[in-house]
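Engineer: Below you'll find the structure I mean.
The values are calculated or read from the model by the stated rules, or taken from the named source; none is laboratory data. These numbers come from a predicted model, not from an experiment. Neighbour counts are summed over all protein chains in view; Cβ atoms, including those assigned to glycine, are modelled from backbone coordinates with ideal geometry.
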Amino acid sequence: MLWRDPDTGRQTSLTYDDERDARVARELIEAAGGRADEAARIAEAVRKPGPTVEAAITEHIDLLTGVGADTRSHYRGQLRSHIAPALGALPVSAVTYRHVAGWVRAMTEKGLSPKTIANVHGLLSAAMTTAVRLGYRADNPCVGVELPKSVATRDEMTVLTRDEFGLLLSKVSAHYQPLVLTLVATGLRWGEATALTAGDVDLSARPATVRVTKAWKRDADRRWYVGPPKTKRARRTVSLPDDLVDVLLPLVAGKAPDELLFTNTVGSQISSSRFWTTTWTPALDAACSPRLADGSPDPDAPRLTKRPRVHDLRHTHASWMIAAGTDLFVLQRRLGHESITTTTETYAHLLPDQQRAAADAAGRALGGLALRRRGADLGRW
């Protein structure tokens, strides 16, 4: 195998006894741009026994201890769809920064979203870190690779005002209104709220509370089961407003402690996809495009100009709490965020009053120093 280094112009060659090794090395060196320094490393890596990238990622997924079967299955799907076709056959010890950067660029050119690329790159990077721990390679080639940034001009988060939520709620069928009210009044995730049982609710406490100890999950075959919530901090007790207590009392009455608090119209688990198509979307359509009894548009009726997701009820809850002056550490515990960083990064833009207070505090700390300095400078003229 013969090629020329693009930086030095020097001709370089490598010899292999095995045709497959030579072919793999050629592909790797071409992806690395033919540079002699990386070629030497690649040559050694190809000769060194060890797993392929696909095998290393598969092993990494199998070794994960903090995820469920559904997450494991999702990772395997990412490997099959986005990593294995481009990098899977390469020796894990031979992959370089240039290979990873070229792979990211290729995904961008294919039109994959920045979020998808970040998720897939995250899986590869985590697997490479595991490969380092297992002694398959010395470093992680994903470190430092710049990922594409989103060019979306619209914030993904949609927050409703009290009046906007009231309008939307009025269009939700009566059977599901208690669930929608609970989502916006507690900030619970969909899988947490729909897994609540009557025994999780204590309406006699002051304030009334709901214990979050479980959530709906999927197994490797995509079948639903009730398991632990998302993280350790997601296990929490959330206080309930008095108005919600009045709504929940009829639901709790007469139910055994292990019976679901919220069910579909036949008493079973509420499917998120079915709720979206048969309840949420029609309610949004009715709120955004109100109509008269004859089906014609109603120009005088109030209308909703936003189309929130169900998950935006959680964001709406957080925004209402912040507007009421709730401390971010309290909000973190209420929402079940594992880290305060998640809370601040998600909701910092909803803190204009705190930003104003911070500016005022900085002004008080300056104590007129800037003004006195400006006066001193003017005195020189």
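Engineer: Please go through (1) in a loop (DSSP other than H, G, I, E, B); (2) at pLDDT below 95 for residue 188 and return the number of the only condition it doesn't satisfy.
Structural biologist: (2)
Engineer: With the requirement that a residue be touching a helix residue (DSSP H, G or I) at 6+ places or on another chain (Cβ under 6 Å) and modelled with pLDDT under 90, what does the range 150-174 give you?
Structural biologist: Passing the criteria: 150, 157.
Engineer: Continuing with this model, one more query. Looking only at the range 219-274, which residues are more than 18 Å from residue 187 (Cβ to Cβ) and part of a helix (DSSP H, G or I)?
Structural biologist: Once the filter is applied, which keeps residues that are more than 18 Å from residue 187 (Cβ to Cβ) and part of a helix (DSSP H, G or I), the range 219-274 yields 246, 249, 250, 251, 252, 273, 274.
Engineer: Ok, one more. For the range 206-223, which positions are hydrophobic (A, V, I, L, M, F, W, C) and at pLDDT 90 or above?
Structural biologist: 208, 210, 212, 215, 216, listed by residue number.
Engineer: Starting from the range 134-148, take each residue that is on the phi > 0 side of the Ramachandran plot and list its partners that are of a type in the set (Ser, Thr, Tyr), counting only C-beta distances under 7 angstrom and pairs at least six apart or across chains.
Structural biologist: Pairs that qualify, where the first residue is on the phi > 0 side of the Ramachandran plot and the partner is of a type in the set (Ser, Thr, Tyr), are 144/97.
Engineer: Then there's this: Are there helices (runs of 4 or more DSSP H) fully within the range 76-158 with at least 1 residues that are over 30 Å from residue 219 (Cβ atoms) and either within 20 Å of the chain's Cα centre (by Cα) or of a type outside the set (Lys, Arg) (or both)? List them.
Structural biologist: Where helices (runs of 4 or more DSSP H) fall fully within the range 76-158 and carry at least 1 residues being over 30 Å from residue 219 (Cβ atoms) and either within 20 Å of the chain's Cα centre (by Cα) or of a type outside the set (Lys, Arg) (or both), they are 97-110, 114-133.
Engineer: If residue 304 meets every condition in (1) out of contact with any strand residue (DSSP E or B) (no Cβ under 9 Å at 6 or more places or on another chain); (2) assigned to a loop (DSSP other than H, G, I, E, B); (3) on the phi < 0 side of the Ramachandran plot; (4) free of Cβ contacts under 8 Å to residues at least 24 places away in the same chain apart from one, which number is that one?
Structural biologist: (4)
Engineer: Failed condition for residue 271, given (1) surrounded by 13 or more Cβ atoms within 10 Å (Cβ to Cβ); (2) more than 19 Å from residue 193 (Cα to Cα); (3) assigned by TED's automatic domain parsing to the domain that holds residue 233, with all others met?
Structural biologist: Failed condition: (2).
Engineer: Also, quick follow-up: Specify which of the listed residues (168, 179) is closer than 15 Å to residue 306 by Cβ and either crowded, with 18+ Cβ neighbours inside 10 Å or out of contact with any Cys (no Cβ under 7 Å at 6 or more places or on another chain) (or both).
Structural biologist: Details: 179 fails: closer than 15 Å to residue 306 by Cβ.
Of the residues listed, the single one that is closer than 15 Å to residue 306 by Cβ and either crowded, with 18+ Cβ neighbours inside 10 Å or out of contact with any Cys (no Cβ under 7 Å at 6 or more places or on another chain) (or both) is 168.
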